[in-house]
1. Just to verify a result, which residue in the stretch 183-215, among those that are part of a helix (DSSP H, G or I) and of a type in the set (A, V, I, L, M), is farthest from residue 168 (Cα to Cα)?
2. Conditions: (1) surrounded by fewer than 20 Cβ atoms within 10 Å (Cβ to Cβ); (2) assigned by TED's automatic domain parsing to the domain that holds residue 179; (3) over 26 Å from residue 200 (Cβ atoms). Residue 107 meets all but one. Number of the miss?
3. I want to confirm something. Restricting to the stretch 216-255 and keeping residues that are touching an Asp or Glu at 6+ places or on another chain (Cβ under 7 Å) and part of a loop (DSSP other than H, G, I, E, B), which single residue is surrounded by the most Cβ atoms within 10 Å (Cβ to Cβ)?
4. Tell me which of these residue 89 doesn't satisfy, since it passes every other one: (1) of a type outside the set (S, T, N, Q); (2) modelled with pLDDT under 95; (3) closer than 22 Å to residue 43 by Cβ; (4) over 16 Å from the mean Cα position of the chain (by Cα).
5. Starting from residues that are among the polar types (S, T, N, Q) and buried (at least 21 other Cβ atoms within 10 Å of the Cβ), keep the ones in the stretch 64-103 and report whichever is farthest from residue 23 (Cα to Cα).
6. Read through the list (1) assigned by TED's automatic domain parsing to the domain that holds residue 216; (2) modelled with pLDDT under 95, then give the number of the only condition that residue 1 fails.
7. Determine the pairs where a residue that is closer than 18 Å to residue 32 by Cβ, located within the stretch 66-86, has a partner that is among the charged types (D, E, K, R) with Cβ atoms under 7 Å apart, the partner being 6 or more residues away or on another chain.
Amino acid sequence: MASDAPVGVFDSGVGGLSVLREIRQLLPAESLLYVADSGHVPYGEKSPEFIRERSHRLAGFLLEQGAKALVLACNTATAAAVAELRTHYPELPIVGMEPAVKPAAAATRSGVVGVLATTGTLKSAKFAALLDRFASDVRVITQPCPGLVERIEAGELNGTGTRELLLGWVEPLLAEGCDTLILGCTHYPFIKPLLRELVPASVSLIDTGAAVARHLQRLLAERDLLAEGEEGTVRFWSTGVPQRLETVLPRLWGKALPVEALAC
């Protein structure tokens with residue numbers, strides 16, 4: 001595999017753009033391929049079997065486009081499919097997401113950590129294993145957030161409806177003494193500004209996008225696959241309506257770019 005080959009990234013929708021931004025910032029020379037599986041968003045309420053099937057399809061497409069590495073920029077897809085994909089593609093660098101339980105457990109001062117995530121992530125064996133491994137000395141309160149992904153997909157990052165949803169989820173966590181909030185879905189960093197308005201400044205908001213970019217960098221360096229030179233290209237696909245992704249790209253990615261339709 002050539003070092004100038006692209007990195008393939010996929011998510012159930014626009015959430016993975018938060019991870020893509022971190023990869024672009026850390027590794028500007030890398031060319032990037034991004035698939036939003038918006039025809040099947042959200043993943044959080046779907047079965048692990050369905051998510052595994054979608055992940056295999058999207059991974060296969062990205063490899064057909066010449067991807068030298070894969071990033072599952074979705075906590076739910078990672079929980080359901082990353083182990084199987086690594087078995088299926090043993091030589092391929094594959095990076096997944098996981099809620100930031102370890103850094104949150106280290107950061108909390110009150111000993112109470114809140115987790116905002118999808119139902120699928122919170123029910124997964126992978127999440128349970130993270131709690132067993134890193135959170136035995138802290139109290140972790142989980143909060144599923146049904147409907148939030150759909151609002152972010154629509155670009156409703158700070159409207160009244162989104163604010164009311166978040167308040168209903170966050171206020172009970174704060175009442176229990178939570179001083180650290182894990183953003184356990186890649187969509188959620190896009191509502192950080194709104195969350196900062198709703199919680200005290202003393203409450204830490206933790207996500208793993210930057211850590212994922214650093215892990216990708218390490219894997220590529222180990223295989224001598226880091227790209228060099230000018231800023232790499234970016235291509236976008238959507239399995240839903242491409243125009244919807246095009247509409248939110250200026251806000252979530254920072255610039256307007258074309259989105260190709262993907263029947264997959």
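The values are calculated or read from the model by the stated rules, or taken from the named source; none is laboratory data. Bear in mind the structure is a predicted one, so any value in this text is a computation, not a measurement. Every residue, glycine as well, gets a Cβ built from its backbone with ideal geometry; the counts of neighbours run over all protein chains shown.
1. First, the residues of the stretch 183-215 that are part of a helix (DSSP H, G or I): 188-198, 209-215.
Pick out the ones that are also of a type in the set (A, V, I, L, M) and you get 191, 194-195, 198, 210-213.
Details: 191: 15, 194: 14, 195: 12, 198: 11, 210: 28, 211: 29, 212: 30, 213: 32 Å.
Per the stated criteria, the residue is 213.
2. With (1) surrounded by fewer than 20 Cβ atoms within 10 Å (Cβ to Cβ); (2) assigned by TED's automatic domain parsing to the domain that holds residue 179; (3) over 26 Å from residue 200 (Cβ atoms) applied to residue 107, the lone miss is (3).
3. 239
4. For residue 89, the failing item is (2).
5. Step one: of the stretch 64-103, the residues among the polar types (S, T, N, Q) are 65, 75-76, 78, 87.
This time we only want the ones that are buried (at least 21 other Cβ atoms within 10 Å of the Cβ), so: 75-76, 78.
Values: 75: 17, 76: 20, 78: 17 Å.
Checking each candidate, the answer is 76.
6. Of the numbered conditions (1) assigned by TED's automatic domain parsing to the domain that holds residue 216; (2) modelled with pLDDT under 95, the odd one out for residue 1 is (1).
7. Within 7 Å, the pairs are 73/11; 74/11.
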